[in-house]
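See below for the structure under consideration.
The values are calculated or read from the model by the stated rules, or taken from the named source; none is laboratory data. Just so we're clear, the structure is a prediction, and the values are computed from it rather than from any experiment. Cβ: placed from backbone, ideal geometry, glycine included. Neighbour counts: every protein chain shown. SASA here: full protein model, heavy atoms, side chains in, ligands and nucleic acids out. Shrake-Rupley method; radii C 1.70, N 1.55, O 1.52, S 1.80 Å.
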Amino acid sequence: MLDILIIGAGPIGLACGLEAKKAGYSYLIVEKGCLVNSLYKYPLNMTFFSTSDRLEIGGIPFASIQAKPNRPEALEYYRRVADSQGLNINLFEEVTALEPVQDYYQVQTSKAVYQARHVIIAIGFYDAPNLLDIPGEDLPKVRHYYFDPHFYYKQKIVVIGANNSAADVALETFRKGADVTMIIREAELGRIKYWTKPDLENRIAEGSIKAYFQSHLTAIRENEVDIQTPTGQITIPNNYVLAMTGYQPQFGLLQKFGINLSPDFKRHPQYHPETMETNLENVFLAGVICGGMDTHIWFIENSREHAVKIIRHIQEQTRVV
Ligand SMILES: Cc1cc2nc3c(=O)[nH]c(=O)nc-3n(C[C@H](O)[C@H](O)[C@H](O)COP(=O)(O)OP(=O)(O)OC[C@H]3O[C@@H](n4cnc5c(N)ncnc54)[C@H](O)[C@@H]3O)c2cc1C
């Protein structure tokens, strides 16, 4: 019987593990992929928008060469934290079900069954991309994750989206020799890092990156795509579509666990903001999963504190008087 089982070894799941360990609880972190699986899947050359001190967990210093760390530095940091603190983590083991039994939970994974008095769900939102829902989306040339620009050298690519990820993909692939067209649903660019935005605006203004605003794709075929623009439908030649349209939490899994979601399209999971406890007693949410469809509300910087709140609440609940 564990005191606490933590689902997900992202930065916030690890932060929960650190707090649980500090408080002397028996705990296990169960992760379906590699350590910090989401960060591992980030673009090869990405730089965090946060400075390294704001990505620290458990008060353990994160040193990086520049103020804002890059992906390898972040992977190194979280590996070192897990190692140096001797965190109990099972990797490549997926949690598939959560059942209440008397005063504890039975947690089913792809490899075992565990019993835990408390469960923390820290599963992030990077596993389910927002789909375009148009013909041709299932072609292998359509990608919802981007890794490296070299692959797109001399290729005609369409980048869908107006925020940070789309901006980074458009600029990086353009600089490595791709012919880039952006398709942007809104009338203007969206939330883009202040040091990136002018670069993209200037490339669009000079025409080296083409951009269709207030436009969307209507169909994708092997060698071309159809775009609905304000002045009518056009077809352009195309080799790859990079749909940087964001991601959403695994709502199906949350519902299967028994977590209530708000009935509107935001699908905010139910939890108490002070204790992070959900509608299920002794089951907590931590990290970016808390935002429902509002995936921009929470990030590492401001959700690290969830770990402290949860463990403090468990301590208060279990304190012997
Ligand atoms: C490109 C990009 C750049 C970002 N840059 C920043 C930044 O600069 N600063 C910042 O503060 N935030 C940033 N964010 C946001 C935030 O960092 C990430 O979303 C962060 O990973 C959130 O941490 P988390 O632990 O809540 O979730 P995640 O890191 O997504 O961790 C969730 C973990 O749960 C695992 N998991 C999921 N389902 C299961 C299951 N059923 N069983 C077991 N394990 C499961 C996943 O594999 C994953 O490892 C960025 C996000 C993106 C996409």
tail above 34 Å in the computed P(r) of the chain, as % of all Cα-Cα pairs, reads 30 percent
Between G246, G291, G59, which gets the highest mean-square fluctuation from a Gaussian network model of the chain, Cα cutoff 10 Å? G59
Mean separation of Cα contacts under 8 Å, 6 or more apart, over the residue count of the range 131-243: relative contact order %: 33 percent
Could you tell me what percent of the accessible area of the range 131-243 is made up of carbon and sulfur, with a 1.4 Å probe and every protein chain present? 51 percent
For the range 131-243, I need the span (max minus min coordinate) of the C-alpha atoms along each principal axis, in Å, sorted largest to smallest. 36, 32, 24
Show me, for the range 142-150, the HN-Hα J-couplings you get by feeding each phi into the Karplus relation (A = 6.51, B = -1.76, C = 1.60, θ = phi - 60°), rounded to Hz, glycine and proline as x. 9, 10, 9, 10, 10, 10, 8, x, 3
Under the rule of at least 5 residues apart or a separate chain, name every residue whose amide H is placed under 5 Å from the amide H of V225. I236, N238
Alpha carbons only, please: Rg and Dmax for the range 11-76, in angstrom. 13.0, 38
Counted charge near Y104, where neighbours are those whose Cβ lies closer than 14 Å (Asp, Glu -1; Lys, Arg +1): -3
Where a ≥ b ≥ c are root eigenvalues of the Cα gyration tensor, a/c under 1.5 meaning rounded, otherwise prolate if a/b exceeds b/c and oblate otherwise, the range 1-150 counts as oblate
Per DSSP H run of n ≥ 4, the term is -39500 (n - 2.57); total these for the chain, divide by its residue number, and report the mean residue ellipticity at 222 nm rounded to 500 deg cm²/dmol. -7000 deg cm²/dmol
Accessible area per residue of the range 131-243 at 1.4 Å probe, in Å²? 52 Å²
Once phi is turned into ³J(HN,Hα) by the Karplus curve 6.51 cos²θ - 1.76 cosθ + 1.60 with θ = phi - 60°, what whole-Hz value does each residue of the range 17-29 show in order, with x for glycine and proline? x, 4, 5, 4, 5, 4, 7, x, 7, 7, 8, 9, 9
Hz values of 3J(HN,Hα) by residue in the range 191-206 - Karplus curve (6.51, -1.76, 1.60), Gly and Pro given as x: 6, 10, 3, 4, 8, 9, 4, x, 4, 5, 4, 5, 5, 5, 4, 7
May I ask you to list the chymotrypsin sites (Phe, Trp or Tyr not before Pro) in the range 64-95 that are in a DSSP loop and have at most 15 other Cβ atoms within 10 Å of their Cβ? F92
Loop-only GluC sites (Glu not before Pro) in the range 169-226, please: DSSP not H, G, I, E or B, and at most 14 other Cβ atoms within 10 Å. E186, E188, E222
Here, chymotrypsin sites (Phe, Trp or Tyr not before Pro) of the range 157-215 satisfying both criteria (DSSP loop; at most 16 other Cβ within 10 Å) are Y194, W195, F213
Length-normalised contact order of the chain in % [C-alpha pairs under 8 Å, at least 6 apart]: 19 percent
Close lysine pairs (the range 112-214; alpha-carbon distance under 13 Å; 8 or more apart or on separate chains) counted at 4
In degrees, nearest 10, the alpha-carbon axis of helix 164-175 is tilted away from the dominant principal axis of the alpha carbons of the chain by 50 degrees
